[in-house]
Amino acid sequence: MRTRALCTGLLVLLALLFGAPTASAHTELDSSSPKDGAHLKQVPRSVTLVFSEPVDLADVHVTSGGKPLAVARADRGGRGAVTVRPAAAGQRLLVLDWHVLDMEDGHPTSGALSFGIGAGDAGASAAHADAGAGAGAGMAVPSEAVRGVWAVSRWVGYLALALFVGGLGFLAMLWPQGSEDRRSRRILAGSWACGLLATVVGAGLQGAYGAMGSFSDVVHLSTYTDLLDSEVGVVLASRALLWVLAAVVLAALLQGGERAARSPGWRVGAGVLCLGLLRTTGMAGHNAEGTHPGWGAVADLVHLLSVSLWLGGLTFLLLGVLPRRRPAELSAAVTGYSTLAGVSVAAIAAAGTVLAWQVVGSFGALFSTGYGQLLLVKLALLAGVLLIAQRSRSWVHTRLDIAVLLRGDRATVRPFIYSVAAETGLVLVVLAATSVLVTAAPGR
């Protein structure tokens, strides 16, 4: 079932990518007035920059010769157009370095405009050529080191989310008695702490990266206050508050044990909280950047929920149910999880297809951009995971009854443990690829 779902998802993905229009990635410069490379008799009184998406004035920075210029909203061009007034000076070349943050996910984009001033056509061409060769040489650029650590924090955040949400779901639906298990309780407590820490630290890293800062900016209060003024900052703050509220849900489970896990009230509260954590995680990603952001939001929620149930269930199965080797728990939890995993994988394939179409936008972009190539690597890893998962599923069909009859005999269960461990390890690698994708620009 899992292999069939993957093949179906890949075929639909290819069909959509062949016929889909190219989606916009991040905020880019569409045009300028005067045009980039124009020859002007004198320094213009103003230069208008028109971006591909609406921008917040506080997120647009333009410099000339290293000096910042005042940015104002342009009279025409809507919320994606701004204007600046270069300083008048006797120069043959005017270079404007621009830097803008995407309003949806906070990713920075930068570039340069150059204009020949007062020279003949040949002089202007030479000046523009020199500008093209040196544009950005003295311009601040985002730190790749900060981006790398930011990607790691995203990986930790995704892992914590999957273990927490998937773990609560596994206990509520398949293994309520596991809420009394010491290992399971430690996994939930650890994932909650890591989720809250990754959200707070990740917000600082994202703010520092967007502002082209360094690691020292992560501990500055101004980095967080500036980020809170943006849409993505509000989303991150909401996610952090939800992690704080998650402590109440977790405490109720740890105190009530199996009784709480079976309680309808606790299940409803935990479900609502988990949906909030999943939704706020997706709101700061790429799903809202395509031609149909509503579909992207739904697909992202389904994708995150399915991955959480899959990985969280695998972890609790591997570290909680299997070591106990109790026949009744093996029979109920393993059989139930096999069905849950099958549904989750089918949902991952369907939602992943929609997200890939939404963000990548064309079949050629899969091969011509680094983002598309990394997505192909992720799909290849997922295919490997499903092959291993198929082996686990075969064991459930052929050997589970024997394992139950033998009261969880170690030798009988060992092949299944190895298969589940390998599946879990590869899913962690897939999460790492996802973290890099989230911090990368789809159009590049």
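List of remarks:
- Glu180 being closer than 30 Å to His61 by Cβ and of a type in the set (Asp, Glu): no
- Residues in the range 39-69 that are over 31 Å from the mean Cα position of the chain (by Cα), among the polar types (S, T, N, Q) and within 21 Å of Thr109 (Cα to Cα) were compared, and the one that is surrounded by the fewest Cβ atoms within 10 Å (Cβ to Cβ) is Thr48.
- Hits in the range 154-177 (condition: of a type in the set (Gly, Ala, Ser) and crowded, with 23+ Cβ neighbours inside 10 Å): Gly157, Ala162, Gly166, Gly167
- Scanning the range 70-98 for residues that are aliphatic (A, V, I, L, M), within 33 Å of the chain's Cα centre (by Cα) and assigned to a strand (DSSP E or B) yields Val71, Ala72, Ala81, Val82, Leu96.
- Positions within the range 70-102 being of a type in the set (A, V, I, L, M), surrounded by fewer than 21 Cβ atoms within 10 Å (Cβ to Cβ) and either more than 17 Å from Pro34 (Cα to Cα) or touching a Lys or Arg at 6+ places or on another chain (Cβ under 7 Å) (or both), in sequence order: Ala70, Ala89
- Test: residue in the range 182-193 that is in contact with an Asp or Glu (Cβ under 8 Å, 6 or more places away or on another chain) and either in a helix (DSSP H, G or I) or at pLDDT below 95 (or both): no
- Residue identified as within 18 Å of the chain's Cα centre (by Cα) and either farther than 27 Å from Trp175 by Cβ or not acidic (Asp, Glu) (or both) among Arg239, Arg259: Arg239
- Options Arg259, Arg239: the member that is in the same structural domain as Ala193 (by TED's automatic domain parsing), touching a residue at least 12 places away in the same chain (Cβ under 8 Å) and assigned to a helix (DSSP H, G or I): Arg239
The values are calculated or read from the model by the stated rules, or taken from the named source; none is laboratory data. These numbers come from a predicted model, not from an experiment. When we count neighbours, we look across all protein chains shown, and the Cβ atoms used for this are built from the backbone with ideal geometry, even at glycine.
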